[in-house]
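The values are calculated or read from the model by the stated rules, or taken from the named source; none is laboratory data. On a predicted model such as this, the values are computed, not experimentally measured, just so you know. Don't worry about glycine lacking a Cβ; one is built from the backbone with ideal geometry, like all the others, and counts go over all protein chains shown.
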């Protein structure tokens, strides 16, 4: 069965974006093997705001070949948007009710894993509904001081087990956790 993987960059002080939504502090280097992660998924879960920003993003003409290929790979994935709004969109399926059962149906379809892209509201919902199978948090060597926190206003503690740690030359430390059973 597919797994829902939260793969996310987070600042050392726990923010997923700066106070104005900026993510320019995120580091992406070859040794991080993001291409390998993309090859391990076939579906991306977005909240509506994140989808509107990133769901069909195209890099500018000055982007490197590597960045262009990365976005081509991202844009080739099946996209599911969780939103209170309904919308006809040729590039995504919109889900606005019964999240738990819809996620279960998608996981049972087989295939590769699912990237829970976010945003913060969707991540909180997935945490509260216990729908995340793996937390891949890449902690970046940056302190933002403010912004959007990864974990905000959760109703309960989350018990996790560390399954792997990756350290990259940039100083990013990737921590991979699974929920304790």
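One table, with the values for the structure above:
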quantity	calculated
Of all residues in region 84-117 being loosely packed, with under 10 Cβ neighbours inside 10 Å and under 28 Å from residue 10 (Cβ atoms), the one that is modelled with the lowest pLDDT	85
Boolean, residue 4 is closer than 22 Å to residue 152 by Cα and in contact (Cβ under 8 Å) with a residue 60 or more places away in the chain	yes
Residue match in region 32-51 (condition: free of Cβ contacts under 8 Å to residues at least 40 places away in the same chain, touching a strand residue (DSSP E or B) at 6+ places or on another chain (Cβ under 8 Å) and surrounded by fewer than 17 Cβ atoms within 10 Å (Cβ to Cβ))	no
Residue list for region 44-82, restricted to those being under 21 Å from residue 2 (Cβ atoms) and part of a loop (DSSP other than H, G, I, E, B)	55, 76, 77
Which numbered condition residue 73 fails, given (1) over 19 Å from residue 135 (Cα atoms); (2) under 16 Å from the mean Cα position of the chain (by Cα); (3) at pLDDT below 90; (4) surrounded by fewer than 17 Cβ atoms within 10 Å (Cβ to Cβ)	(3)
Residue match in region 13-31 (condition: surrounded by 16 or more Cβ atoms within 10 Å (Cβ to Cβ) and part of a helix (DSSP H, G or I))	no
Residues satisfying the stated conditions in region 124-167, i.e. modelled with pLDDT under 95, surrounded by 14 or more Cβ atoms within 10 Å (Cβ to Cβ) and more than 16 Å from the chain's Cα centre (by Cα)	158
Pair list, Cβ under 8 Å, 6 or more apart: region 159-176 residue free of Cβ contacts under 8 Å to residues at least 40 places away in the same chain, other residue exposed (fewer than 12 other Cβ atoms within 10 Å of the Cβ)	159/180; 160/180; 161/180; 173/165; 173/167
